[in-house]
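A.B. asks: Shown below is the structure under consideration.
Read the figures in this text as sums done on the coordinates, not as results from a lab. The structure displayed is predicted, hence computed values, not measured ones. Virtual Cβ from ideal backbone geometry, glycine too; neighbours counted across all protein chains shown.
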Amino acid sequence: MKLIFIGPPGAGKGTHAAVISEKLGLPIIGTGNILRESVKAGTELGQKAKGYMDAGQLVPDDLILAMVDERLKAPDCANGYILDGFPRTLPQAEALTAMGITPDYVLDLEVDDSIIVGRLTGRRVCENCGATYHVVNLPPKQEGVCDVCGGKLTVRKDDTEATVRERLSVYHQQTEPIKAYFENMGLVHSFDGSGKVNEVTQALLGLLEGTR
Ligand code: AMP
């Protein structure tokens, strides 16, 4: 099964992708995570991407498409995957179609901008395994420590209020149009992403497991 999550930054794409990945045994292809790892490792891609990411801007399509094309060829993608954070522009969505890939479901998480700012500025991420938390909505058992691996929780560099507002503006201008693209293909299922994490997860699983 091939799934795509769409929705603004902070809508919960990564959080829900993690649960669905576990339940359905699908790998997550998170372009933001791959890029952050490339930055950390100091690769050529990472060096090219860093400035855009820190400013809340999108990394150019050609870099992203080469990266995704490479990743989707890996053996673990043979039986499907979850795309989180890709496609993010109309040319990226069109490139996916040109690669012969049609997702089974496009899962659209809807959350108002006013909620997003509070969510992202309170987000904490494990610097070791990438698990995400929120200081109020999803706190770890022990402050500053990852429940999953015991790693240190940090604030993402692009989760400051000014950068979050820039990312939201980029989202509305460049990413929102891909919803209409997939709607025309009859693939979009929209969910209210502002509710409790486990309720949204249940709604998503209801669709995917055919019980909704
Ligand atoms: P994310 O973790 O999905 O919020 O992504 C973090 C940052 O990585 C974004 O703000 C962009 O700078 C970059 N990025 C991730 N995915 C893409 C993409 N599909 N196209 C362009 N830039 C991306």
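A.B. asks: Against the globular-protein guess of 2.2 N^0.38 Å, express the Cα radius of gyration of the stretch 1-114 as a ratio, rounded to two decimals.
C.D. replies: 1.04
A.B. asks: Still on this model: What list do you get for His172, His189, His16, His134 if you sort them by fewest beta carbons within 10 Å?
C.D. replies: His172, His189, His134, His16
A.B. asks: When a footprinting reagent is the concern and you count Cβ atoms within 10 Å, what order do Glu209, Glu37 take, fewest first?
C.D. replies: The order, fewest Cβ neighbours first, is Glu209, Glu37.
A.B. asks: Only loop residues by DSSP count here, and only those with at most 12 other Cβ atoms within 10 Å; note down the trypsin sites (Lys or Arg not before Pro) in the stretch 32-111 that meet that.
C.D. replies: Those that pass, being in a loop and sparsely packed, are Lys73.
A.B. asks: What does the convex hull of the Cα atoms of the stretch 61-170 come to per residue, in Å³, rounded to a whole number?
C.D. replies: Residue-normalised Cα hull volume stands at 146 Å³.
A.B. asks: Now, a different point. Once the chain is represented by equal point scatterers at the alpha-carbon sites, with solvent omitted, what log10 I(q)/I(0) does the Debye formula produce at q = 0.08, 0.13 Å⁻¹?
C.D. replies: -0.26, -0.73
A.B. asks: Only Cα pairs under 8 Å and at least 6 apart count here; give the relative contact order of the stretch 1-96 as a rounded whole percent.
C.D. replies: Details: 98 pairs, mean separation 43.3, N = 96.
Reported relative contact order: 45 percent.
A.B. asks: While we're here: Tally Lys/Arg at +1 and Asp/Glu at -1 over every other residue whose Cβ is under 15 Å from the Cβ of Ile178; what's the total? Kindly include the intermediate steps, with their values, before the conclusion.
C.D. replies: On the way: positive: Lys13, Arg88, Lys179; negative: Asp61, Asp84, Glu94, Asp108, Glu110, Glu176, Glu183.
That sum, taken over residues with Cβ under 15 Å, equals -4.
A.B. asks: Just how far, in whole angstrom, is the stretch 155-212 from the stretch 1-62 if you go by their alpha carbon centroids?
C.D. replies: That distance is 14 Å.
A.B. asks: Could you pull out the pairs from Lys157/Lys196; Lys40/Lys141; Lys13/Lys196 whose alpha carbons sit more than 18 Å apart here? List each step's numbers first, then the result.
C.D. replies: Working: Lys157/Lys196 26 Å; Lys40/Lys141 27 Å; Lys13/Lys196 14 Å.
Table pairs above 18 Å Cα-Cα are Lys157/Lys196; Lys40/Lys141.
A.B. asks: Follow-up. Of Pro87, Met1, Gly25, whose Cα points farthest to the positive end of the dipole of the stretch 1-99 (charges on the beta-carbon: +1 Lys, Arg; -1 Asp, Glu; origin at the Cα centre)?
C.D. replies: Gly25
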